[in-house]
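Right, I'll just put the structure down here and ask away after.
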Amino acid sequence: MTIKCSSATPQYITALQIKSNGSILAVGDNQSVGFSFIPTLTNHLAIYTCEDVAHSSIRIEVTFIIGYLRFINQTDQNTLVGQERKAMKIQCSYKTSQHTTALKIESNGSILAMGYKRSLRYSFIPKRTDHLTTYTCIDTSHPSIMTEIKLLIMCKYAIMSL
């Protein structure tokens with residue numbers, strides 16, 4: 001994620017800086033400044049300030065609300081394992097201290113489940129054709145908060161004697 005700050009009137013700015021918790025994170029010129037980072041839950045409700053280094057009265061404050069969505073029982077960050085013809089559930093959970101939001105689980109452009117909870121479950125019996133299908137869990141209030149997994153289906157093969 002990148003925080004960018006710019007001025008439409010650079011003639012009045014000495015240099016722009018981005019601060020958080022009293023620490024200067026980036027200093028730019030009189031036109032713009034940027035700061036890149038990978039957001040984590042520790043950034044939740046963090047206040048970032050963009051201000052002129054010489055005139056702190058010229059400032060903008062932004063509070064970040066970090067939504068952390070994840071699928072339960074993932075084998076790694078992007079994979080969930082199921083077995084052909086054995087019932088399974090795909091469940092995503094929203095970890096935040098904010099109000100409950102609306103979640104939806106989608107696959108191939110279809111909404112499979114939707115609800116106003118912090119956790120949402122979709123149950124089904126997978127087929128071989130579900131192998132490598134991508135499932136997406138999306139916060140419907142903030143669609144940029146989303147996560148995806150691929151489904152790996154273990155298949156049972158019959159061994160026939162000759």
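Say we look at segment 46-69 and pick out the residues that are in a loop (DSSP other than H, G, I, E, B) and surrounded by fewer than 13 Cβ atoms within 10 Å (Cβ to Cβ); which of these is modelled with the highest pLDDT?
The qualifying residue modelled with the highest pLDDT is 54.
Restricting to segment 108-147, and then to whatever is of a type in the set (Lys, Arg) and within 15 Å of residue 92 (Cα to Cα), can you tell me which residue is nearest to the chain's Cα centre (by Cα)?
Taking segment 108-147 first, the residues of a type in the set (Lys, Arg) are 117-118, 121, 127-128.
With the extra rule that they be within 15 Å of residue 92 (Cα to Cα), the set shrinks to 117-118, 121.
Working: 117: 17, 118: 14, 121: 18 Å.
So the residue we want is 118.
Six or more apart or on different chains, Cβ atoms under 8 Å: show the pairs whose first residue is in segment 125-151 and in the same structural domain as residue 112 (by TED's automatic domain parsing) and whose second is among the small types (Gly, Ala, Ser) and part of a loop (DSSP other than H, G, I, E, B).
Taking only residues 6 or more apart or on different chains, the pairs are 125/87; 139/67; 139/102; 140/102; 141/102; 142/67; 145/67.
For segment 112-130, name all the residues that are part of a strand (DSSP E or B) and surrounded by 12 or more Cβ atoms within 10 Å (Cβ to Cβ).
112, 113, 114, 115, 119, 120, 121, 122, 124
Select, from 149, 153, the only residue that is assigned to a strand (DSSP E or B), among the β-branched types (Val, Ile, Thr) and in contact with a helix residue (DSSP H, G or I) (Cβ under 6 Å, 6 or more places away or on another chain). So that I can check it myself, show each step before the final result.
Details: 149 fails: in contact with a helix residue (DSSP H, G or I) (Cβ under 6 Å, 6 or more places away or on another chain).
Exactly one residue qualifies, and that residue is 153.
A follow-up question, please. Quick check: anything in segment 131-141 crowded, with 18+ Cβ neighbours inside 10 Å, closer than 30 Å to residue 46 by Cα, at pLDDT 90 or above and touching a Cys at 6+ places or on another chain (Cβ under 7 Å)?
Within segment 131-141, one or more residues are crowded, with 18+ Cβ neighbours inside 10 Å, closer than 30 Å to residue 46 by Cα, at pLDDT 90 or above and touching a Cys at 6+ places or on another chain (Cβ under 7 Å).
Can I ask one more? Given (1) surrounded by fewer than 17 Cβ atoms within 10 Å (Cβ to Cβ); (2) modelled with pLDDT under 90, where does residue 96 come up short, assuming only one miss?
Residue 96 satisfies all of (1) surrounded by fewer than 17 Cβ atoms within 10 Å (Cβ to Cβ); (2) modelled with pLDDT under 90 except (1).
Being within 15 Å of residue 61 (Cβ to Cβ) and either without any contact (Cβ under 8 Å) to a residue 12 or more places away in the chain or part of a strand (DSSP E or B) (or both) is the filter here; which residues of segment 5-22 pass it? So that I can check it myself, show each step before the final result.
Filtering segment 5-22 down to residues within 15 Å of residue 61 (Cβ to Cβ) leaves 5, 16-22.
Scanning segment 5-22 gives 5, 16, 17, 18, 19, 20, 22.
Moving to a separate point now. Do you know which of the residues in segment 142-162 that are loosely packed, with under 11 Cβ neighbours inside 10 Å and of a type outside the set (A, V, I, L, M, F, W, C) is modelled with the lowest pLDDT? Even if it seems obvious, please write down each step before you answer.
So the first thing to find is which residues in segment 142-162 are loosely packed, with under 11 Cβ neighbours inside 10 Å, and the list is 143-144, 156-162.
Now drop any that are not of a type outside the set (A, V, I, L, M, F, W, C), which leaves 143-144, 156-157, 161.
Numbers: 143: 79, 144: 74, 156: 73, 157: 68, 161: 56.
The qualifying residue modelled with the lowest pLDDT is 161.
The values are calculated or read from the model by the stated rules, or taken from the named source; none is laboratory data. This structure is a prediction, so every number in the text was calculated from the model and none was measured. Cβ sites come from the backbone with ideal geometry, for glycine too, and all protein chains shown count toward neighbours.
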